[in-house]
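First the structure, in the form of structure tokens, and then the observations on it.
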Amino acid sequence: MSQSGPEMSLVCLTDFQAHAREHLSKSTRDFIEGGADDSVTRDDNIAAFKRIRLRPRYLRDVSEVDTRTTIQGEKISAPIGIAPTGFHCLVWPDGEMSTARAAHSAGICYITSTVASCSLEDIVTAAPEGLRWFQLYVHPDRQLNKQLIHRVESLGFKALVITLDTPVCGNRRYDIQNQLRRNLTLKDLQSPKKGDSLPYFQMASISTSLCWNDLSWFQSITRLPIILKGILTREDAELAVKHNVQGIIVSNHGGRQLDEVLASIDALTEVVAAVKGKIEVYLDGGVRTGNDVLKALALGAKCVFLGRPILWGLACKGEHGVKEVLNILTNEFHTSMALTGCRSVAEINRHLIQFSRL
């Protein structure tokens with residue numbers, strides 16, 4: 001690809017989306033972009049941010065604006081991270097290795113997926129100093145979960161993110177049409193008995209029986225902070241606190257699981273209110289601009305995580321594309337902070353926003 005022309009035009013995350021579409025096969029494009037059923041929630045994740053209006057404050061001396069913050073006590077350069085998404089090799093040959101390098105270079109957290117297409121060892125080798133959390137799909141075989149968690153600990157991952165919203169797979173029509181799952185395998189979900197990789201379609205073997213009482217077992221086998229991903233209600237947020245987990249990611253799986261649930265940003269408010277500051281709350285779903293990041297933080301999120309935009313960056317330019325996506329969003333967020341009168345992340349609060357009737 002030449003260094004002029006299209007390169008110059010990628011100035012926002014949706015530019016990367018359009019550019020990635022041109023480079024990907026139909027089945028891969030559908031896999032990334034697809035939502036469940038009618039994709040109501042997928043689209044509302046983005047639209048819901050646009051229903052929130054900003055209330056800027058001026059004459060605040062914004063000559064120095066600091067985007068740095070912490071998550072689970074670890075320093076990050078901005079409250080922006082990489083959400084767990086699978087099969088990065090579908091869009092770029094080096095897959096998750098490139099993603100890990102970009103995250104480390106940006107000084108942010110990368111949540112590595114159970115369904116990564118590179119081995120965990122290769123991902124860690126690619127960016128040994130990077131801040132990584134591990135996302136777990138709980139398998140019915142406890143021994144398999146235990147093996148994987150101990151492997152993750154030994155590799156230096158800093159938190160365990162347990163996905164809650166996939167007791168069964170959502171109805172993703174495009175993937176069914178394209179029969180995509182038959183062609184994908186999992187490097188890291190190896191059977192302790194056989195040692196072979198599990199095909200993706202066997203992800204039907206995600207535990208359907210996982211319940212709140214099982215969390216104590218996970219806490220007994222790991223010292224890693226446990227983050228629950230996929231909580232959308234006050235009731236479940238209260239139970240998370242009661243069960244002594246360390247964090248919640250408010251998420252609807254990018255609209256890929258149960259359609260017609262609340263947009264992530266709309267669910268955030270009740271979850272934050274329910275935890276009463278006892279644990280950190282994060283968000284993924286629909287974040288596309290620096291204003292979106294600011295709005296999520298104003299409503300109580302400690303950090304946001306990006307899913308699809310990371311894959312767009314990877315599809316366009318590999319590691320450099322992911323770096324650019326992160327850089328664009330961080331710069332936009334810096335601008336949003338300055339233009340609303342926030343000199344630090346700590347100064348971002350609920351008074352900066354109002355819900356519009358649009």
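At a glance:
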{"item": "Candidate set from segment 314-335 (those that are buried (at least 24 other Cβ atoms within 10 Å of the Cβ) and touching a Ser or Thr at 6+ places or on another chain (Cβ under 9 Å)); member that is nearest to Leu13 (Cα to Cα)", "result": "Leu329"}
{"item": "Residue count for segment 24-47, restricted to those that are surrounded by 19 or more Cβ atoms within 10 Å (Cβ to Cβ) and more than 26 Å from Trp92 (Cβ to Cβ)", "result": "2"}
{"item": "Residues being touching a residue at least 60 places away in the same chain (Cβ under 8 Å), under 19 Å from His139 (Cα atoms) and in a loop (DSSP other than H, G, I, E, B) - total across segment 209-248", "result": "4"}
{"item": "Options Thr69, Thr14, Thr28; residue that is among the polar types (S, T, N, Q) and modelled with pLDDT under 95", "result": "Thr28"}
{"item": "Scope segment 118-138; condition outside any helix (DSSP H, G or I) and of a type in the set (Val, Ile, Thr); matching residues", "result": "Val138"}
{"item": "Those residues of segment 101-117 which are in a helix (DSSP H, G or I) and open to solvent by 10 Å² or more (accessible area, probe 1.4 Å), in sequence order", "result": "Arg101, His104, Ser105, Ala106"}
{"item": "Those residues of segment 330-349 which are touching a helix residue (DSSP H, G or I) at 6+ places or on another chain (Cβ under 6 Å) and not polar (S, T, N, Q), in sequence order", "result": "Glu332, Phe333, Ile348"}
{"item": "Yes/no for Gly230 being modelled with pLDDT of 95 or more, within 22 Å of the chain's Cα centre (by Cα) and either closer than 20 Å to Gly34 by Cβ or surrounded by fewer than 15 Cβ atoms within 10 Å (Cβ to Cβ) (or both)", "result": "yes"}
{"item": "Number of positions in segment 276-310 that are polar (S, T, N, Q) and in contact with a strand residue (DSSP E or B) (Cβ under 9 Å, 6 or more places away or on another chain)", "result": "1"}
{"item": "Segment 145-181, residues that are modelled with pLDDT of 95 or more, part of a helix (DSSP H, G or I) and buried (at least 18 other Cβ atoms within 10 Å of the Cβ)", "result": "Asn145, Leu148, Ile149, Val152"}
{"item": "Failed criterion for Glu96 (all others in (1) within 24 Å of Gly300 (Cα to Cα); (2) touching a Cys at 6+ places or on another chain (Cβ under 7 Å) hold)", "result": "(1)"}
{"item": "Per-region count, segment 65-90, residues open to solvent by 20 Å² or more (accessible area, probe 1.4 Å), hydrophobic (A, V, I, L, M, F, W, C) and in a loop (DSSP other than H, G, I, E, B)", "result": "1"}
{"item": "Leu297 vs. criteria open to solvent by 10 Å² or more (accessible area, probe 1.4 Å) and outside any loop (DSSP other than H, G, I, E, B)", "result": "yes"}
{"item": "Output for segment 50-64, where each listed residue is among the β-branched types (Val, Ile, Thr) and within 19 Å of Val287 (Cβ to Cβ)", "result": "Ile52"}
{"item": "The lone exception for Gly286 - which of (1) of a type in the set (Gly, Ala, Ser); (2) over 21 Å from Ile111 (Cβ atoms); (3) in a loop (DSSP other than H, G, I, E, B) it fails", "result": "(2)"}
{"item": "Given (1) in contact with a Gly (Cβ under 7 Å, 6 or more places away or on another chain); (2) closer than 26 Å to Arg151 by Cα, number of the condition Trp212 does not satisfy", "result": "(1)"}
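Per-residue answers, yes or no, for (1) touching a residue at least 24 places away in the same chain (Cβ under 8 Å); (2) among the hydrophobic types (A, V, I, L, M, F, W, C); (3) touching a Gly at 6+ places or on another chain (Cβ under 9 Å):
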{"position": "Arg29", "(1), (2), (3)": "no, no, no"}
{"position": "Gly35", "(1), (2), (3)": "yes, no, yes"}
{"position": "Ser39", "(1), (2), (3)": "yes, no, yes"}
{"position": "Arg42", "(1), (2), (3)": "yes, no, yes"}
{"position": "Asn45", "(1), (2), (3)": "yes, no, yes"}
{"position": "Phe49", "(1), (2), (3)": "yes, yes, yes"}
{"position": "Ile52", "(1), (2), (3)": "yes, yes, no"}
{"position": "Pro56", "(1), (2), (3)": "yes, no, yes"}
{"position": "Glu64", "(1), (2), (3)": "yes, no, no"}
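The values are calculated or read from the model by the stated rules, or taken from the named source; none is laboratory data. Model, not experiment: these values are computed from the prediction. Cβ: placed from backbone, ideal geometry, glycine included. Neighbour counts: every protein chain shown. Quick note on the areas: whole protein, heavy atoms, side chains included, nothing else; ligands and nucleic acids left out. Shrake-Rupley method; radii C 1.70, N 1.55, O 1.52, S 1.80 Å.
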